[in-house]
Each structure stands twice: as structure tokens, then as C-alpha cells.
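These notes concern the structure reproduced below.
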Amino acid sequence: MENTNIVRDAIYRATMLLDGQKWDQWLDLCDDDFKYEIKSWSPEINYDMTYLQLDRKGLASLVKLLPMHNTDHSPLTRHTTVYSVDVAEDGKTAKAVSSVVVYQTMLDGINSHIDSGESRLFLVGKYIDTMSIEDGKARFLNREVRLENRRLDKGSHWPI
Amino acid sequence: MNGSRYLSSERSSFIPQDTTGDAVTRAIVMQTVAGGQQQEDLVAAKNHAQWVANPPLPPNEWVDSKIYSDEGIFNEELEKIFKKVWIPVCHESELPNAYDFRTTTIAREPIVIVRGADNQIRAFLNVCPHRGMIVERRPAGSFLDGQPSGNPKRMTCMFHGWQYDMKGNCVFISREKEGYQDRLCKDDIGLRRLRCEVKFGGFVWVTLEDNPSVSLEDWAASAFSCLRKTLDAEPLEVFHYHKAIVNTNYKLWHDTNCEFYHDFMHYHNRVTGFNDAYFARKNEAFEHGHIIVGTFEVNYDKYEGFESRAELSFPHLPPNQWYMIDLFPGMNFNLRGSALRCDIVTPLGPNKVMIEFRGLGLKRDTPEERMTRINHHNSIWGPFGRNLHEDLIGVQGQGTTMLPGSEDRHILLGRHENQTIHDENGMRHYYSEWAKWMNRQASDPSKPYERPAAAAAE
Ligand code: FES
Ligand SMILES: [Fe+2]
């Protein structure tokens with residue numbers, strides 16, 4: 001496969017694994033030095049905010065401890081479209097920008113009798129990914145989830 | 001979605017593994033678990049008459065859920081409380097330069113906060129006296145730039161181009177003479193100015209009341225006394241902002257900030273907190289309905305992936321302290337060692353509240369220090385943090401059972417534990433203040449306020 005397609009394929013696979021809450025398999029697509037951030041620009045406070053920043057080890061702890069927490073289990077569905085893939089000249093790394101829209105299908109977050117089964121718009125943003133390419137495989141070195149949202153209501157315990 | 005994932009065997013480790021050596025923790029957690037089982041065996045569920053009957057507690061130890069769900073009471077709260085008290089609306093670091101502004105709302109009244117050329121921060125109703133347009137529509141920005149229908153250094157109402165200076169004076173009326181001749185001039189017009197002060201760590205406080213019953217200093221100084229030296233030691237800066245709009249009453253959010261009994265809901269707080277020092281933390285009540293929850297040393301490293309915050313403690317504080325200041329009628333200042341959080345509620349309806357969350361560090365932070373503070377703040381309190389999500393699910397769940405029109409019921413505030421952390425004296429103190437402002441009893445809002453008998457006083 002051509003390098004751009006390898007990168008694209010990894011981003012779409014990551015989307016499916018995240019939607020499926022297969023956190024460990026998602027982390028398998030990530031480099032040992034993987035860095036993950038959720039960021040958003042706030043015109044309210046004129047500040048480029050970081051909502052979450054974790055390395056791979058931190059993410060592994062976070063997903064491991066999820067069962068200990070009380071959580072809104074309404075599943076999230078990410079709609080990702082890869083907009084651009086720029087492969088470095090040496091063909092070893094690439095930068096990719098994708099649009100991502102996250103829907104939440106209500107389960108237990110409010111009053112399940114009324115809301116469960118209803119899909120709502122939850123997040124709007126971009127994935128800004130840096131990938132390594134080796135032996136025909138792309139791995140995530142860095143993912144910045146750049147959200148437009150500053151109204152986040154209950155928020156989420158899950159990586160986006 | 002795999003539901004069974006959340007029923008894994010790890011769930012059974014309800015008793016925090018790392019604190020089971022601690023006798024107090026074990027005793028309390030075991031009691032709770034055993035108590036739960038006992039209740040199932042011994043105590044019958046209630047029929048309707050039993051369910052609505054008063055609990056065997058004095059009336060200052062419960063409230064009627066009508067105070068969370070009634071539209072009339074809600075409107076009265078805006079008039080009698082929110083239009084009268086001091087509200088922290090933003091932080092001075094959000095308007096660092098002359099001509100910077102920020103907009104907000106108190107009790108449905110839009111407000112604009114501006115920093116003048118003289119560096120003074122002032123507040124005005126964000127309402128044009130001509131035909132009622134909102135003067136500034138943006139959340140924040142600078143008046144240094146001109147606007148499509150106005151000049152630089154002016155607040156311009158886009159509708160018909162009237163302009164105001166940073167002191168709220170009207171300085172331009174389009175075709176003034178042609179339309180008003182000598183009947184009305186700029187001096188007859190002006191923005192409505194509001195009392196505004198910068199205090200207690202650089203927060204900007206506003207009141208809609210021209211003659212507040214107490215000065216801002218007298219309103220909050222006693223509650224802030226535990227942290228005043230810390231917050232006023234050097235300039236602070238906001239690094240985090242997000243908002244939640246939740247279908248629940250604003251007081252239920254404030255209650256959650258006032259009671260720590262709900263730490264049973266937070267795995268993080270159980271493992272990092274439950275020890276002798278935690279259970280000795282005192283709830284302290286102050287004049288005007290404010291409370292604080294005293295500090296202790298948190299063991300952050302008991303939660304996998306977390307670290308001690310000792311390196312970046314706020315000025316004049318021992319490491320890893322945790323102070324909580326809850327101000328009537330719904331503002332919260334929460335300092336966990338290295339990061340300060342401030343919640344401001346804007347009630348939108350009996351069953352709807354906007355909560356604005358801010359995180360603050362020291363203005364002089366290096367980029368590395370700032371990043372560490374941000375991570376400390378967000379790991380627990382961010383929109384993707386461990387505790388905030390749980391707190392918001394909790395109050396949303398209460399809102400779900402207390403919709404306008406749903407049956408009134410008792411909400412208990414009756415725990416007595418020598419005014420320590422799981423005592424509910426903080427909420428009782430709040431509702432006795434609420435009763436005064438509203439001239440209603442929280443346990444029966446149809447009855448007027450009665451000064452509590454000395455014995456029942458907290
Ligand atoms: S409404 Fe503001 S200028 Fe007319
Ligand atoms: Fe909480």
C-alpha cells in the first residue's frame with residue numbers, strides 16, 4: 001500500500017477501536033513514546049487550553065482504572081474523515097489532519113427510559129496525528145484531539 | 001459497547017486496597033457495606049403515606065424538593081438573592097490590557113466587564129439604552145479595534161451606532177441633533193453602571209444591587225481567611241475554562257460542592273483520601289451562608305498514574321493541601337495544592353443551570369510549571385477528568401428525579417459527625433441562610449422563615 005493509504009488506514013482503524021472501547025488494541029497502534037492531548041482554543045479566556053494530556057503509560061493506567069469509576073456509559077461514535085496526509089521526504093513519518101465528529105447515543109447518562117437510544121452531537125473537532133511508518137505499518141507517535149467545544153456538559157471518562 | 005466490561009471482578013474491590021491497613025477507613029467502609037446488606041434484610045420498603053411522611057429528624061435537617069423544582073421559587077430566588085449578592089463573574093487575568101472586555105449574565109441581566117484606559121475594571125449592564133440591543137455580543141475581546149458600526153476605544157451598539165466610553169458615558173448618538181433637537185442629548189443617556197470590585201485572588205465581583213447590604217469585604221472575607229494570604233500573594237492566571245449546562249437545580253450543584261460524604265462516589269478520592277486526617281477535616285460555617293472544608297494532606301500517589309503536587313504548591317501552603325470554600329448562593333473555590341478551581345453557577349431555570357469551570361495557576365509559572373498545574377487540574381477536574389464527570393452524573397441524576405411538577409419529597413441533610421467532613425452541617429448552614437433571604441422555610445417553603453431555636457442552631 002502507498003504510504004498515504006497506510007496512514008489513512010491506521011486512523012480509520014483507531015476510530016473503530018475507540019468506538020468499540022477496545023482500548024488496549026487502540027494502544028497497540030501507538031508507539032511506546034505516544035503522546036495524547038485533548039486541546040481547545042478558548043476565546044472566552046484567550047488561551048489555548050489543554051483538557052487532557054497523557055503519555056502511553058498514563059493512558060494505560062487510565063483505561064485500566066475505568067471499571068473503578070462511575071461513568072456515563074452512553075457509547076460514543078466517531079465520524080472521522082482524513083482530510084490531509086503529508087508524508088515526510090524520507091517516508092518514515094507523516095502528519096495527518098482529520099475531521100472528527102463524535103455522537104453520543106444515550107444509555108445511562110440522564111433518564112434512560114426517556115433518552116436511551118437517542119443519538120446526540122457530543123463533540124466537534126479535528127485529529128492532528130503524527131505517525132511513524134515502518135515495514136508498511138503506520139503507528140501513532142502523537143495525537144492531538146483539537147476540539148471546538150468549550151461547553152462539554154458531563155464530559156467523559158474515555159479517550160476521544 | 002460492552003456492558004459486562006464494567007461488571008468485572010475489579011468492581012468487587014470497593015474497599016480501597018491501599019488504605020485497608022487504616023483502621024478508621026476499614027471500619028467505615030465495612031460498616032457501609034454491611035449496613036447496605038442489613039438494610040435489605042430488615043427494613044421494609046415504604047407505601048406512599050410512609051414515603052411522604054416527615055423523617056424522624058428536626059425540620060432543619062431536610063428540605064422540600066420543591067425548592068429545586070418550583071418555577072415560582074426559582075424566579076423569586078433571582079429577584080431576592082441573585083440580584084442582591086456579590087457574584088464573582090470572571091478573573092482579572094481574562095482582561096489583562098486596557099480596553100479588554102468580558103461578558104457575563106446575572107439573573108437574566110447581560111453584563112459587560114471592561115478594563116478602562118486607567119486600568120480600572122468596571123461593570124455595566126450590557127444593554128443599549130436606545131432600543132435594548134445587547135451592546136457587546138462576543139464573550140471576550142478588546143475595544144481597541146473599531147467595529148463595523150463604531151470607532152476604536154468605544155463600546156458601540158451595532159444597531160444604530162450609539163457609542164459609549166469605558167466609563168459607560170454615551171459619547172456618540174448618530175444624527176443626534178437631527179432626531180432629538182434639544183430634547184435629549186448624550187448626557188441624558190449612559191450605560192447602567194454596576195458595583196464592581198477586584199478581590200480575593202483577583203476575581204472580578206459584581207452586584208446588581210446599588211446598595212448591597214454588606215460590602216464585598218464583609219460579605220466574603222471570613223470565608224476566604226484560610227486562603228487569603230495564599231491567593232493574594234501574587235497574581236494568578238486562568239488557564240482553564242469550560243462550561244456545563246445541566247438539567248438540575250443550581251443548589252444541587254452547590255450542595256455537591258458542600259458535602260464530601262459523596263466521596264463514596266469517587267474512587268479517586270477514596271484511595272487518595274480516606275484516612276484519619278481526612279475524616280478529621282472540619283466543615284466550618286461562616287456568616288452569610290458560606291462554608292469551608294478544612295484541609296488535610298492528600299496522597300495522590302495512591303492513584304495509579306498520579307503524582308504528588310508538593311513541588312508546585314500555591315504560596316504559603318504546606319504540600320498537597322486541599323481547601324474548599326463554598327460561597328452562598330453558589331460559588332466555589334477549590335484549591336488542591338498546585339491548582340485552583342473556581343465554579344460559578346448561572347441558574348437558567350428551576351431545573352437548568354450553567355456551571356462555568358475555571359482553573360488557575362500562578363501568573364509567573366514557567367511553561368513547564370504551567371503544564372504540570374494544568375495536568376494536575378485536569379486529571380481530576382477537567383471535562384475528561386476522573387471526578388468532575390462523576391459529580392455531574394450525580395447532580396444530573398438528582399435533576400432527573402426533581403423535574404418541575406414531580407412529587408415533592410424530602411431531601412435529607414441530617415448527618416451529624418461532630419462537624420467533620422461527612423457531617424452535613426455545611427448544607428444545613430446554607431439552607432438556613434437561603435431561608436432568610438427567601439423568607440421561606442426550606443423544609444416547607446409555604447411557611448415564612450423562623451429564626452431557629454438556639455438549641456437547633458449550628
Ligand atoms: S439599540 Fe443601540 S443604538 Fe439603537
Ligand atoms: Fe465530587
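The values are calculated or read from the model by the stated rules, or taken from the named source; none is laboratory data. Computed from a prediction, not measured in an experiment: that's the story for all the values here. Cβ sites come from the backbone with ideal geometry, for glycine too, and all protein chains shown count toward neighbours. Ligands, DNA and RNA are stripped out before the accessible areas are found, and what is left, the full protein with its side chains, is counted by its heavy atoms. Shrake-Rupley method; radii C 1.70, N 1.55, O 1.52, S 1.80 Å.
Dipole magnitude for the protein assembly as shown: about 1200 debye, using +1 per Lys or Arg Cβ and -1 per Asp or Glu Cβ, origin at the Cα centre.
For the protein assembly as shown, the solvent-accessible area works out to 43 Å² per residue, with a probe of 1.4 Å and every protein chain left in place.
Taking 4.7 Å between beta carbons as the limit, the unpaired Cys residues of chain B are B:C90, B:C170, B:C185, B:C196, B:C226, B:C258, B:C342. Only Lys, Arg, Asp and Glu carry charge here, each on its Cβ (+1 for the first two, -1 for the last two); on that basis the range A:1-125 has a dipole of about 120 debye about its Cα centre. Along the Cα-to-Cβ line of B:E209, 7 Å from the Cα, sits a label point; which residues in the range B:417-441 have backbone N less than 20 Å from it? So the set is B:429-441.
Under 5 Å between amide hydrogens, built in the peptide plane, is the criterion, and for B:W162 it picks out B:C157, B:S174 among residues at least 5 positions away or on other chains. Let me know the shape class of the range B:67-201, please: from the alpha-carbon gyration tensor, a ≥ b ≥ c as square roots of the eigenvalues, rounded when a/c is under 1.5, otherwise prolate if a/b is greater than b/c, or oblate. Verdict is oblate for the range B:67-201.
The distance between label points at A:D86 and B:E368 comes to 2.9 nm (points 7 Å beyond Cα on the Cα→Cβ vector).
For the peptides A:13-22, A:111-120, what is the packing order when you average, over each peptide's residues, the other Cβ atoms within 10 Å and list the highest mean first?
Most protected by this proxy first, the peptides run A:13-22, A:111-120.
Bridgeable aspartates and glutamates around B:K363 (alpha carbons under 19 Å apart, same-chain partners fewer than 8 residues away excluded): A:E44, A:D48, B:E92, B:E94, B:D100, B:D232, B:E234, B:E237, B:E311. Quick one: net charge of B:H389's neighbours, Cβ under 14 Å, K/R +1, D/E -1? Summing Lys and Arg as +1 and Asp and Glu as -1 gives -3. Surface composition of the protein assembly as shown: carbon plus sulfur atoms contribute 49% of the solvent-accessible area (1.4 Å probe, protein chains only, all chains present). Comparing the full protein assembly with the isolated chain (1.4 Å probe, heavy atoms, ligands and nucleic acids excluded), the residues of the range B:392-435 losing at least 30 square angstrom of accessible area are B:L392, B:I393, B:Q396, B:T400.
Taking amide H as placed 1.01 Å from N in the peptide plane, the amide H of B:S443 sits under 5 Å from that of B:D64, each at least 5 places away or on another chain.
Charge dipole (Cα centre; +1 on Lys/Arg Cβ, -1 on Asp/Glu Cβ; no other charges) of the range B:175-303 amounts to roughly 300 debye.
Structure note, pairs A:K39/A:K95; B:K153/B:K199; B:K251/B:K352; B:K80/B:K251: Cα-Cα distances above 21 angstrom occur for B:K153/B:K199. Which of B:N387, B:P404, B:G273 sits farthest toward the positive end of the charge dipole of chain B, with +1 on the Cβ of Lys and Arg and -1 on the Cβ of Asp and Glu? The listed residue farthest towards the positive side: B:P404. Between B:K282 and B:A221, what FRET efficiency comes out of the Förster formula 1/(1 + (r/R0)^6) with R0 = 22 Å and r the beta carbon distance, rounded to 0.05? According to the calculation, E is roughly 0.70. Would you please classify the overall shape of the protein assembly as shown from the alpha carbon gyration tensor, given that a ≥ b ≥ c denote the square roots of the eigenvalues, rounded means a/c under 1.5, and beyond that prolate means a/b larger than b/c while oblate covers the rest? Oblate, because a/c is 1.5 or more while a/b does not exceed b/c.
For the range B:132-144, 3J(HN,Hα) computed residue by residue from phi via the Karplus equation (6.51, -1.76, 1.60; θ = phi - 60°) reads x, 5, 5, 6, 10, 9, 7, x, 6, x, 9, 8, 5 Hz, glycine and proline entered as x.
Across peptide A:109-121, the average count of Cβ atoms from other chains found within 10 Å of a residue's Cβ is 2. Per residue, the average separation of C-alpha pairs within less than 8 Å and at least 6 apart gives chain B a relative contact order of 18 percent.
Here the gap between B:F159 and B:D187, fully extended at 0.36 nm per residue and compared with their Cα-Cα distance, gives a gain of 8.1 nm. Each label point was placed 7 Å from the Cα along the Cα-to-Cβ direction; for B:N54 and B:S149 their separation is 5.9 nm. Per the accessible-area calculation with a 1.4 Å probe, the total area buried between chain A and chain B rounds to 4200 Å². With contributions of -39500 (n - 2.57) from each DSSP H run of at least four residues, the per-residue ellipticity at 222 nm computed over the protein assembly as shown stands at -7000 deg cm²/dmol.
Assuming R0 = 22 Å, can you tell me the calculated FRET efficiency for the pair A:S99 and A:R151, based on Cβ-Cβ distance, to the nearest 0.05?
For R0 = 22 Å, the calculated efficiency reads 0.70.
Averaged over the residues of B:370-377, the number of partner chain Cβ atoms lying within 10 Å of the residue Cβ comes to 2. Put simply, the amide H of A:Y51, placed in the peptide plane, has neighbours under 5 Å in A:I38, A:K39, A:S40, leaving out anything fewer than 5 places away on its chain.
Placing dummy labels 7 Å off each Cα toward the beta-carbon, the span from A:V124 to B:F172 is 3.3 nm. Here the 3J(HN,Hα) profile of the range A:74-83, calculated from phi with Karplus coefficients 6.51, -1.76 and 1.60 at θ = phi - 60°, is 4, x, 9, 10, 8, 9, 10, 10, 6, 8 Hz, Gly and Pro shown as x. For the range B:314-325, putting each phi into the Karplus relation 6.51 cos²θ - 1.76 cosθ + 1.60 with θ = phi - 60° gives couplings of 4, x, 6, 10, x, x, 6, 7, 9, 9, 9, 10 Hz, in residue order, rounded to whole numbers and with x for Gly and Pro.
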